[in-house]
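Visitor: Here's a structure for you.
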């Protein structure tokens with residue numbers, strides 16, 4: 001608190017008021033001081049505090065004295081505070097309420113809130129440092145020290161001032177350096193945009209660009225980390241990778257399929273295949289794309305998609321429609337069956353069992369009984385019985 | 001003689017609207033036939049949809065199955081399309097099941113009229129359905145609502161005209 005000086009509270013020429021807040025109490029470090037209820041004012045040059053009851057009671061500290069500021073959140077029974085760390089007072093400082101202080105920081109306690117806005121404005125002023133570019137003129141009152149504004153290069157004060165200037169220089173250099181970096185980032189953004197548009201053009205004008213050019217462009221794109229525009233294939237025109245994968249799958253799945261009655265859901269296939277691979281797992285996408293090619297590659301298995309969206313892999317020799325006929329027999333024997341019951345009887349997964357029953361219904365062999373008791377399938381007497 | 005329920009009435013899937021098109025057609029035909037038979041046997045008066053939901057026609061308590069509301073409405077619409085149902089209000093809350101279509105009743109009445117050489121005569125409504133002369137006819141005892149609809153159908157065909165008499169309404173046949 002010894003950095004503060006008494007002041008008239010009037011703003012000097014060139015100094016503008018930024019923000020003010022009532023109900024602020026000051027602390028010298030951790031200790032409360034008698035400045036318990038005042039208006040805190042922030043100007044372009046200084047931080048001022050004026051007693052709410054006695055307006056002549058006014059102190060200020062130049063913003064140039066501020067090293068940095070922190071926010072302190074409110075607690076139970078405690079107001080939010082801003083902690084202001086200060087440089088040691090300069091020797092030519094105007095007299096103030098305290099001659100000395102064991103703390104190098106003060107706290108501003110916002111009993112009536114307003115700390116968020118104040119902190120924001122104070123940070124802004126600390127960044128902009130407008131007091132450096134706007135020299136303050138004389139106030140109306142006579143200045144106590146006519147030489148207060150002049151820079152003295154002698155003594156401890158001089159050394160301190162030189163250090164201060166050096167710090168400012170360094171600060172400036174760093175900011176400029178970062179400026180370059182942000183400019184570089186701007187350029188990089190432009191380059192990415194450019195390459196994206198080229199990639200699009202390649203995609204559209206596949207025929208017009210020569211093979212050579214295309215390869216060159218693609219390699220540029222690759223080096224910049226942009227994926228090859230010709231990536232995911234549509235159904236039917238698989239990549240080499242998917243073709244190889246499809247052949248591999250045919251080999252891996254032959255036996256498991258035979259063991260499971262010739263049909264497996266795609267999720268079962270996914271688990272089985274990846275478990276076998278251990279490393280270099282397949283993505284679901286790659287699996288589906290490879291499976292889509294099974295039939296066109298004339299492999300002994302095929303992908304089948306039911307009306308419900310469920311996907312399965314079947315052996316070519318497997319005929320689901322025939323299985324339906326045997327399903328009808330099973331259901332007829334038992335009178336009626338749910339998907340669960342049917343699955344247990346036949347030794348299938350419930351998912352595939354349901355698909356088979358639904359297919360049987362679609363073919364008109366079964367009909368359904370949907371009630372609170374669940375979904376049951378009956379032989380379709382509507383069609384068989386007159 | 002107790003009402004003879006059809007085999008479908010004891011078949012649980014009968015109370016679930018079937019998704020398979022062909023199956024559904026058969027199912028709906030069976031429902032229409034049952035509704036008409038039931039309506040004829042029990043001389044069903046006009047009903048609300050609410051009443052229909054609880055009626056033994058659509059709710060088989062022994063089987064613990066009832067036809068859900070949306071499905072009942074599908075059946076009612078099917079009946080209407082066949083000319084066997086008439087909505088009595090705009091909001092479709094009450095309806096009348098006509099197990100025999102008005103035109104069919106009209107035909108029967110007109111047949112009796114012409115067979116007995118009674119064209120160009122006038123009858124009161126009472127005479128037609130409750131008179132001794134018509135005792136053996138199918139339309140004997142027909143309720144007034146249906147009778148009027150039947151006569152209106154004949155009126156459309158210019159075979160009859162509904163007239164007002166001193167003590168009520170009557171009809172003249174041509």
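Visitor: Where residues in region A:279-293 are part of a loop (DSSP other than H, G, I, E, B) and on the phi < 0 side of the Ramachandran plot, which of them is surrounded by the most Cβ atoms within 10 Å (Cβ to Cβ)?
Guide: Going through the qualifying residues, I end up with A:293.
Visitor: Just to be sure before I move on: is residue A:382 part of a helix (DSSP H, G or I), within 9 Å of chain B (Cβ to nearest Cβ) and at pLDDT 90 or above in the structure I sent?
Guide: Yes; evaluated as a whole, the condition is true for this residue.
Visitor: Answer yes or no as to whether residue A:368 is surrounded by 15 or more Cβ atoms within 10 Å (Cβ to Cβ), in a strand (DSSP E or B) and free of Cβ contacts under 8 Å to residues at least 12 places away in the same chain.
Guide: yes
Visitor: What number of residues within region A:314-341 satisfy the criterion of being in contact with a strand residue (DSSP E or B) (Cβ under 9 Å, 6 or more places away or on another chain) and closer than 23 Å to residue B:10 by Cα?
Guide: Final tally of qualifying residues: 10.
Visitor: Out of A:345, A:375, A:358, A:352, report the one residue that is within 14 Å of chain B (Cβ to nearest Cβ) and part of a helix (DSSP H, G or I).
Guide: A:358
Visitor: Let me ask something additional. For the structure I just gave you, tell me whether residue A:317 is closer than 19 Å to residue A:259 by Cα, surrounded by fewer than 16 Cβ atoms within 10 Å (Cβ to Cβ) and modelled with pLDDT under 90.
Guide: yes
Visitor: Moving on. Name, by its number, the condition in (1) under 15 Å from residue B:16 (Cα atoms); (2) at the interface with chain B (Cβ under 10 Å from one of its Cβ atoms) that does not hold for residue A:363.
Guide: Checking residue A:363 against (1) under 15 Å from residue B:16 (Cα atoms); (2) at the interface with chain B (Cβ under 10 Å from one of its Cβ atoms), the one that fails is (1).
Visitor: Shifting gears a bit: Of the residues in region B:47-58, how many are in a helix (DSSP H, G or I) and either within 14 Å of chain A (Cβ to nearest Cβ) or surrounded by fewer than 18 Cβ atoms within 10 Å (Cβ to Cβ) (or both)?
Guide: 5
Visitor: For region A:275-301, which residues satisfy the criterion of being over 20 Å from residue A:352 (Cβ atoms) and within 34 Å of the chain's Cα centre (by Cα)?
Guide: The answer is A:277, A:278, A:279, A:280, A:281, A:282, A:283, A:285, A:286, A:289, A:290.
Visitor: On to the next question. Specify the residue that is farthest from the chain's Cα centre (by Cα); the eligible residues are those in region B:59-68 that are within 10 Å of another protein chain (Cβ to nearest Cβ) and crowded, with 17+ Cβ neighbours inside 10 Å.
Guide: Filtering first and then ranking leaves B:65.
For every residue, the table says whether it meets (1) buried (at least 20 other Cβ atoms within 10 Å of the Cβ); (2) part of a helix (DSSP H, G or I); (3) at pLDDT below 95; (4) at the interface with another protein chain (Cβ under 7 Å from one of its Cβ atoms).
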position: B:1; (1), (2), (3), (4): no, no, yes, no
position: B:4; (1), (2), (3), (4): no, no, yes, no
position: B:14; (1), (2), (3), (4): yes, yes, no, no
position: B:22; (1), (2), (3), (4): no, yes, yes, yes
position: B:27; (1), (2), (3), (4): yes, yes, no, yes
position: B:31; (1), (2), (3), (4): yes, yes, no, no
position: B:40; (1), (2), (3), (4): no, yes, yes, no
position: B:45; (1), (2), (3), (4): no, no, yes, no
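Visitor: Which residue, of A:109, A:79, A:101, A:90, is closer than 18 Å to residue A:131 by Cα and surrounded by 16 or more Cβ atoms within 10 Å (Cβ to Cβ)?
Guide: Checking each option against the conditions leaves just A:90.
Visitor: Residues to consider are B:151, B:142; find the one that is closer than 23 Å to residue B:99 by Cβ and modelled with pLDDT of 90 or more.
Guide: B:151
Conditions (1) within 13 Å of chain A (Cβ to nearest Cβ); (2) more than 18 Å from residue B:144 (Cβ to Cβ); (3) in contact with a helix residue (DSSP H, G or I) (Cβ under 8 Å, 6 or more places away or on another chain); (4) surrounded by 16 or more Cβ atoms within 10 Å (Cβ to Cβ), marked per residue:
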residue	(1), (2), (3), (4)
B:35	no, yes, yes, yes
B:70	yes, yes, no, no
B:76	no, yes, yes, yes
B:92	no, yes, yes, no
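Visitor: For region B:123-130, does any single residue satisfy the condition of being assigned to a loop (DSSP other than H, G, I, E, B) and in contact with a helix residue (DSSP H, G or I) (Cβ under 8 Å, 6 or more places away or on another chain)?
Guide: The answer is no, given that none of the residues of region B:123-130 is assigned to a loop (DSSP other than H, G, I, E, B) and in contact with a helix residue (DSSP H, G or I) (Cβ under 8 Å, 6 or more places away or on another chain).
Visitor: So, one more: Please tell me if residue B:83 is under 15 Å from the mean Cα position of the chain (by Cα) and buried (at least 16 other Cβ atoms within 10 Å of the Cβ).
Guide: No.
The values are calculated or read from the model by the stated rules, or taken from the named source; none is laboratory data. Just so we're clear, the structure is a prediction, and the values are computed from it rather than from any experiment. Counting neighbours? That spans all protein chains shown, and the Cβs are built from the backbone with ideal geometry, glycine included.
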